[in-house]
Amino acid sequence: MSDLLRHAWVIARKDLVIELRSRTAFVSTLVFTVLVLIVFNFGRDPTATAVLDLAPGILCVTYTFAAMLALNRAFQLELENQALEGLLLTPISRRSIYIGKLIANLAFVGLVEAVGLPLFVVFFNVPVGHVLPALAGLIALSTVGFVAVGTLFSAMVIRTRFAELMLPVLQLPFSIPPLVLAVLATAKLFTGRPLEESLGYLKLLAAYDIVFIGLSTLLFPATVDE
Amino acid sequence: MLRAEALRHAFGPVWALDGITFSLQPGRTLVIFGPNGAGKTTLLKTLAGLIRPASGAVQIDGGRRAIGWIGHQTHLYNHLTVRENLLFWASLYDVPAGERERRADRLLAQLGLADRAHQPVLVLSRGLAQRATIARALVHEPTVLLLDEPFTGLDLAAAGDFRRLLAEYAAAGRSVVIATHNVEEGAELASEVAFQVRGKFVEHAARGRRGAAEIAEAYRRAVGHV
């Protein structure tokens, strides 16, 4: 187990160092997040629907699209000079590669979300200060499952001709359950309902995370081996 | 010790490997000559475990950890420095922490890359990148080297250095397999010579006292006869 995590960390750290230096994916994902928020902001009639009714959906959909964009680049790095082939030649477990990519993707998407949340507050004037810890936990729970599935599919489609198109086609159906749960729980938090009312949603999100991290870790070797 | 047993593999209707069997003792260097499309790369990838053959088996003492690979791609990350790349790959092969730096620095010096150690791979010329690739393949001190056209992009001095390095490796009891279409480059290193045409070894014998000219003549005859 320790070798598995040590190798995973080596891969995750490498991905994060490369991202820190190139910054292209982070900047483009962040710009995309801002643009989506702007579109939602100007694409609604403020007199027709209360912002609190729309805000949970807007936040979750924005994060979903941004994460999708971020996941597209997860294995692009490994196509550079066919480094993926090099990884497959090493004696490390294929699962280390998956866990390493998962850690790097979580850090990357988490950072985009952390920067995106204040922008969301500015655009939609939704007060989140009083529910910030609970909201952060909810976002983390929904992000983990989404990224776990997305990392697997990213590896699966990377060697196909239309990888950037295939990823959302494969992933979005799997993302509907956590998306619905996240929207429902966020709505409860935004409307000031007690946290206990959202606990059921949070437990389901946690279960989704556990199941899909487990499944993805098991299935990953089959997606990268010939 | 490397052993290949009745390897067969096809791409569509074309047999890239058609019943290749051989074994290579430690300290021996097998150079495989063949025209484009003969299946040399497929053979090396099959030996490395990157391609699963339709039938047949490969046995390498020490498994994947024992393999050093140079293919058509560098397997280097453009945004990491040359030294960081070497340390990354050494980590995945479980080279002990203190030893990683020592080996990386020694290889960088041997391959004339010491002054490029802290430059990102992105800025290296093709020849320098190939030298970095050689360092990457050797950093975990493999006992079986699988090299596909390894002299590509190297200038005369670098090719000479690399030939000396390979001779040292073979003298230290390691097995080396080189695939090339260039008889001049490969003949000098060979202790065994094989001619591969349309997925088959049409000749496999010890080099003996044959010089490059005699091997070239034998190669022309072998290729012409198939």
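For the range B:65-109, just say rounded, prolate or oblate: build the C-alpha gyration tensor, square-root its eigenvalues into a ≥ b ≥ c, call rounded for a/c under 1.5, and beyond that prolate if a/b exceeds b/c, oblate if not.
oblate
Under a cut-off of 20 Å between alpha-carbon atoms, report the lysines in cross-link reach of A:Lys101, not counting same-chain residues fewer than 8 places apart.
A:Lys14
So which aspartates and glutamates pass the test for B:Lys40, namely a Cα distance under 18 Å, with those fewer than 8 places away in the same chain ruled out?
A:Glu85, B:Glu5, B:Asp18, B:Asp148, B:Glu149, B:Glu184, B:Glu185, B:Glu192, B:Glu203
For the protein assembly as shown, which whole percent of the accessible surface, found with a 1.4 angstrom probe, sits on carbon and sulfur atoms?
62
Whole angstrom only: what separates the Cα centroid of the range A:157-215 from the Cα centroid of the range B:143-158?
Result: 49 Å between the Cα centres.
Once both axes come from the Cα atoms, what is the angle between helix A:199-224 and the longest principal axis of chain A, in degrees from 0 to 90, rounded to 10?
20
Can you list the residues of the range B:90-116 with backbone N under 19 Å from a point 7 Å past the Cα of A:Ser2, pointing along Cα to Cβ?
B:91-100
Distance from a point 7 Å along Cα→Cβ of B:Thr21 to each backbone N in the range B:178-219: keep the residues under 13 Å and list them by number.
Within reach of a label on B:Thr21: B:201.
Could you pull out every one of the lysines with an alpha carbon less than 18 Å from that of A:Lys203, ignoring same-chain neighbours closer than 8 positions?
A:Lys188
Projecting each Cα onto the charge dipole of chain A (Lys/Arg +1, Asp/Glu -1 at the beta carbon, about the Cα centre), which of A:Met68, A:Ala107, A:Phe212 comes out farthest on the positive side?
With unit charges placed on the Cβ atoms, the residue in question is A:Ala107.
Could you work out [θ]222 nm for chain A from helices alone, using -39500 (n - 2.57) per DSSP H run of at least four and dividing by all its residues? Round to the nearest 500 deg cm²/dmol.
It lands at -28000 deg cm²/dmol.
Can you list the residues of the range B:166-207 with backbone N under 18 Å from a point 7 Å past the Cα of B:Ala54, pointing along Cα to Cβ?
Residues B:197-201 qualify, since their backbone N sits under 18 Å from the label point.
Which whole-Hz ³J(HN,Hα) couplings does the range B:53-61 yield from phi under the Karplus relation 6.51 cos²θ - 1.76 cosθ + 1.60, θ = phi - 60°, glycine and proline marked x?
Coupling constants for the range B:53-61: x, 4, 8, x, 8, 10, 10, 10, 4 Hz.
Going by amide H atoms built from the backbone, whose H comes under 5 Å of the H on B:Val197, apart from near neighbours?
Residues meeting the amide H criterion: B:Val202.
Could you compute how much accessible area chains B and A hide from each other, both sides summed, with a 1.4 Å probe? Nearest 100 Å² is fine.
Interface between B and A: roughly 2500 Å².
Modelling each spin label as a point 7 Å along the Cα-to-Cβ direction, I'd like the A:Trp9/A:Val51 distance in nm, to one decimal.
In this crude label model, A:Trp9 to A:Val51 measures out at 4.3 nm.
Quick one: what are the phi-derived ³J(HN,Hα) couplings along the range B:26-34, Karplus 6.51/-1.76/1.60 with θ = phi - 60°, whole Hz, x for glycine and proline?
x, x, 9, 10, 9, 10, 9, 9, x
Of B:Leu76, B:Val95, A:Asn41, whose Cα points farthest to the positive end of the dipole of the protein assembly as shown (charges on the beta-carbon: +1 Lys, Arg; -1 Asp, Glu; origin at the Cα centre)?
B:Val95
Can you name the helices of chain B, as whole DSSP H runs, whose Cα span along the helix axis is 15 Å or more and whose Kyte-Doolittle mean is not below 0.0?
Correct list, ordered by number: B:82-92, B:126-138, B:156-171.
What does the charge dipole of the range A:178-226 about its Cα centre add up to, to the nearest 20 debye, if the Cβ of each Lys and Arg holds +1 and the Cβ of each Asp and Glu holds -1?
Using Cβ point charges on Lys, Arg, Asp and Glu, the range A:178-226 gives about 340 debye.
Per DSSP H run of at least 4 residues, take -39500 (n - 2.57); add these up for chain B, divide by its residues and hand me the 222 nm value, nearest 500 deg cm²/dmol.
Theoretical 222 nm ellipticity from helices: -11000 deg cm²/dmol.
Classify the range A:1-62 as rounded, prolate or oblate from the Cα gyration tensor: take a ≥ b ≥ c as the square roots of its eigenvalues, call it rounded if a/c is under 1.5, otherwise prolate when a/b beats b/c and oblate if not.
Verdict is oblate for the range A:1-62.
In Å, what is the Rg of the alpha-carbon atoms in the range A:2-224, and how long is Dmax?
17.9, 61
Expressed as an acute angle from 0 to 90° and rounded to the nearest 10, what is the orientation of the C-alpha long axis of helix A:94-124 relative to the principal long axis of chain A?
Computed tilt is about 20 degrees.
Taking square-rooted eigenvalues a ≥ b ≥ c of the alpha carbon gyration tensor, is the range A:17-94 rounded, prolate or oblate, where a/c under 1.5 means rounded and, failing that, a/b exceeding b/c means prolate?
It is prolate, given that a/c is not under 1.5 and a/b is the larger ratio.
Please give, to one decimal in nm, the separation of the simple spin-label points placed at A:Arg161 and B:Glu99, each 7 Å out from Cα toward the Cβ.
4.7
If you place +1 on the Cβ of every Lys and Arg, -1 on the Cβ of every Asp and Glu, and leave all else neutral, what size is the dipole of the range B:76-142 about its Cα centre, to the nearest 20 Debye?
Taking the Cα centre of the range B:76-142 as origin, the dipole is about 220 debye.
Roughly how far apart, in whole Å, are the Cα centres of the range B:209-223 and the range A:1-42?
54
What's the ranking of B:33-39, B:71-77 by average number of surrounding C-beta atoms within 10 Å, highest first?
The packing order, highest mean first, is B:71-77, B:33-39.
In debye, nearest 20, what is the charge dipole magnitude of the protein assembly as shown about its Cα centre with +1 on Lys and Arg Cβ and -1 on Asp and Glu Cβ, if you could check?
Dipole of the protein assembly as shown, to the nearest 20 debye: 540 debye.
Loop-only check: which chymotrypsin sites (Phe, Trp or Tyr not before Pro) in the range B:192-226 are DSSP coil with at most 13 other Cβ within 10 angstrom?
The qualifying sites: there are none.
Average projected area of the Cα convex hull of the range B:135-182, in nm²?
Here the figure is 3.4 nm², rounded to one decimal.
Taking only Cα atoms, what is the 0 to 90° angle, nearest 10, from helix A:51-72's long axis to the longest principal axis of chain A?
10
So what is Rg over Rh here for the protein assembly as shown, counting just Cα atoms and using Kirkwood for Rh?
1.09
Would you calculate the separation in nanometres between label points at B:Leu165 and A:Ala136, each defined as 7 Å from the Cα along the Cα-to-beta-carbon direction?
Each label point is offset 7 Å from its Cα along the Cβ direction, giving 4.8 nm.
The values are calculated or read from the model by the stated rules, or taken from the named source; none is laboratory data. All of these numbers come straight from a predicted model, not from anything done at the bench. Here the Cβ is made from the backbone with ideal geometry for all residues, glycine too, and neighbour counts use every protein chain on show. Ligands, DNA and RNA are excluded from the accessible area calculation, which covers all protein heavy atoms including side chains. Shrake-Rupley method; radii C 1.70, N 1.55, O 1.52, S 1.80 Å.
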